[in-house]
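*Asks:* First the structure, which I've put down as structure tokens, then a few questions once you've had a look.
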Amino acid sequence: MLFPTIDFAIFFGVAFVGNWLLVPYPKISKIFLIAASYVFYSWADWRYVALLLASTALSASGAHLVHRAESDLVGRRWLVGTVIVELALLGWFKYYSFLSVNLDNALHHAGMHGTPIPLVQMGTLPIGLSFYTFMGISYVFDVYRRQLEPAPLLDVALYESFFPHLLAGPIVRGPELLPQIARSTQRDPRVIDLPQAAFLIFGGLFKKVVISSYVSTAIVNPVFNNPSLHSAPEILLAAYGYGVQIYCDFSGYTDIAIGCAMLLGFQFPRNFDSPYSARTLQEFWRKWHMTLSSWLRDYLYIPLGGNRKGLLVSWRNIVITMVLGGLWHGANWTFVIWGAMHGVGQCSGHAMRAWRRRRGVPDRSEDIVGVWFQRLVTFNFVSIGWLFFNATNASSAFVLIRRLFTTWGEPSPLVRLPIVAAVVLTLSVQFVPKGWWAQAQELFAQLGALTKGLALGIALLIITTLGPAGVAPFIYFKY
């Protein structure tokens, strides 16, 4: 069930009314939201409901076993066992085919021509599996670290299945959502920030339905579908365009998710913060998919040792974290290369800053030319990375890279003013002062109810008029 559809509008209307009517009855209210979330999840494919149930059962039981362990060693064993089973479910559906094909090829090239490894066709990846698996793992980790007490089963079930975040995040952690679920009877519809929720939902719809759809059709899909047929200007615009497309698509989804959760009385963490304004790759990852970045930092990079064991070990941990973060997005060598690029790029940035400090030079230039130079370097590095991220395979990505540097004299019919303007204007919005959006929300809040409704109706009319006839699935549904 896609957010920008009539089906979801009807579904959310029922969920909204039922949610607020049942607030005085906490257990019934939670059961209602869980049931609604499972209906939402089963809309795509009811067969995968068992996976969500299994993940919830694993997380709930693992947390209790970790908490009741008689020693830290026993607790650690229960933690490791739970994480292994959670990751095994994810690995089976997401990585089995990839690993079996590559292992079989490696054995063949090594001269070991035995019985081929059985290849099981897994079909479509269960939507949301990566997201709720990570949420379940973080919950058990937080209980092990004594940052969280084990929650009742109903609370854990709602925590993992809550429909606004279920399919593509944000990755909400236990300490952020479980306390809200526990005190759900204290929710008050009169304190909902309706202007902010409206801005998030309608802004997210505009980004997804209008901008992402247009950029994808006008430049991204034609170039990535036929990489050998396009010139360097088209490939460069497609790289920038895909950066715009994936940002508008994914941040649009999470904006709608955060806004819907807000209307139901729950607060989600932010997931994007003008990432293309970043001056370094490290800063980019503090602004892009922030809930995944912080998850990888807290549950992978720091357990690996972080930066506590010297510079080289720190760099190793960064590269491992980013490679695994790339692989989390999909079972393809393109994601491994993309993750490795960002890992090595961050290490290079650390080395450059250390070199500047040794020379007595500030870590980063603060003059306007230096600031924009750093932004341009970071943005172009990220854009080159998108060529690997969105390519069908590594061969196609390298064709795009080669032609990007060798075909500047060829005709470029896809480089047209409307698509260039759409890309430039969308990127420019990254630099709009945050105070302007807050002021716009305040002005909207001061409008009367009828005027507010009229404004939202006009906004919806613009979105449906400028958008395509149908709405494509969100990009991150496949991750």
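Read-outs throughout are calculated quantities, based only on the coordinates presented, and are distinct from any laboratory measurement. The structure displayed is predicted, hence computed values, not measured ones. Cβ atoms come from the backbone with ideal geometry, glycine included; neighbour counts cover every protein chain shown.
*Asks:* Just to check I understand the Karplus step: with θ = phi - 60° and J = 6.51 cos²θ - 1.76 cosθ + 1.60, what whole-Hz values come out for the stretch 244-253, glycine and proline as x?
*Replies:* Values, residue by residue: 5, 4, 5, 5, 5, 5, 7, 5, x, 4 Hz.
*Asks:* Let me know the shape class of the chain, please: from the alpha-carbon gyration tensor, a ≥ b ≥ c as square roots of the eigenvalues, rounded when a/c is under 1.5, otherwise prolate if a/b is greater than b/c, or oblate.
*Replies:* Numbers: a/c = 1.42, a/b = 1.09, b/c = 1.30.
Rounded is the answer for the chain, as its axis ratio a/c remains below 1.5.
*Asks:* Going down the table (Lys207/Lys434; Lys434/Lys478; Lys287/Lys434; Lys207/Lys478; Lys30/Lys452), which pairs top 26 Å between alpha carbons? Write down the numbers at each step before the final one.
*Replies:* Values: Lys207/Lys434 17 Å; Lys434/Lys478 31 Å; Lys287/Lys434 14 Å; Lys207/Lys478 19 Å; Lys30/Lys452 31 Å.
Where the Cα-Cα span goes over 26 Å, the pairs concerned are Lys434/Lys478; Lys30/Lys452.
*Asks:* Assuming a ≥ b ≥ c are the square roots of the Cα gyration tensor eigenvalues, decide whether the stretch 6-189 counts as rounded (a/c under 1.5), prolate (otherwise, with a/b larger than b/c) or oblate. Don't jump to the answer; show the numbers that get you there.
*Replies:* Working: a/c = 3.36, a/b = 1.50, b/c = 2.24.
Oblate shape, in that a/c is at least 1.5 and b/c is the bigger or equal ratio.
*Asks:* Residue farthest toward the positive end of the dipole of the chain, with Cβ of Lys/Arg at +1 and Asp/Glu at -1: which of Ile246, Thr378, Tyr479?
*Replies:* Result: Thr378.
*Asks:* Report the local net charge at Ile368: Lys and Arg +1, Asp and Glu -1, summed over other residues whose C-beta lies under 14 Å from its C-beta.
*Replies:* Details: positive: Arg279, Arg364, Arg375; negative: Glu366, Asp367.
Residues close to Ile368 contribute a combined charge of +1.
*Asks:* Here is a follow-up. Using Cβ counts within 10 Å as a stand-in for footprinting exposure, how do Leu125, Leu148 rank, fewest first? Walk me through the intermediate numbers first.
*Replies:* Numbers: Leu125 17, Leu148 20.
With the sparsest Cβ surroundings first, the list reads Leu125, Leu148.
*Asks:* Listing His64, His165, His342 from the residue with the fewest other Cβ atoms within 10 Å to the one with the most, what is the order? Mind dumping the intermediate values first?
*Replies:* On the way: His64 17, His165 30, His342 25.
Lowest count first: His64, His342, His165.
*Asks:* Tell me what the chain gives for mean residue ellipticity at 222 nm when only DSSP H runs of n ≥ 4 count, each as -39,500 (n - 2.57), the sum divided by the residue total, rounded to 500 deg cm²/dmol. Write down the numbers at each step before the final one.
*Replies:* Details: 20 runs with 316 residues, N = 479.
Only helices count here, giving -22000 deg cm²/dmol.
*Asks:* Compute the distance in nm between two label points, each set 7 Å from the Cα along the Cα-to-Cβ direction, one at Val371 and one at Leu304.
*Replies:* Each label point is offset 7 Å from its Cα along the Cβ direction, giving 3.3 nm.
*Asks:* Also: Show which aspartates and glutamates lie in cross-link reach of Lys208 when reach means a straight Cα distance below 16 angstrom and same-chain residues fewer than eight apart are skipped.
*Replies:* Asp249, Asp255
*Asks:* Using alpha-carbon positions, what is the distance between the centroids of the stretch 416-452 and the stretch 252-290, in Å?
*Replies:* Taking the Cα centre of the stretch 252-290 as reference, the centre of the stretch 416-452 is 16 Å away.
*Asks:* Ranking Tyr48, Tyr247 by Cβ neighbours within 10 Å, fewest first, what do you get?
*Replies:* Least to most surrounded, the residues fall as Tyr48, Tyr247.
*Asks:* Here's a follow-up. Return the aspartates and glutamates within reach of Lys27: Cα separation strictly under 12 angstrom, same-chain partners fewer than 8 residues apart disregarded; answer none if there are no such residues.
*Replies:* Here the aspartates and glutamates satisfying the reach criterion relative to Lys27 are Asp155.
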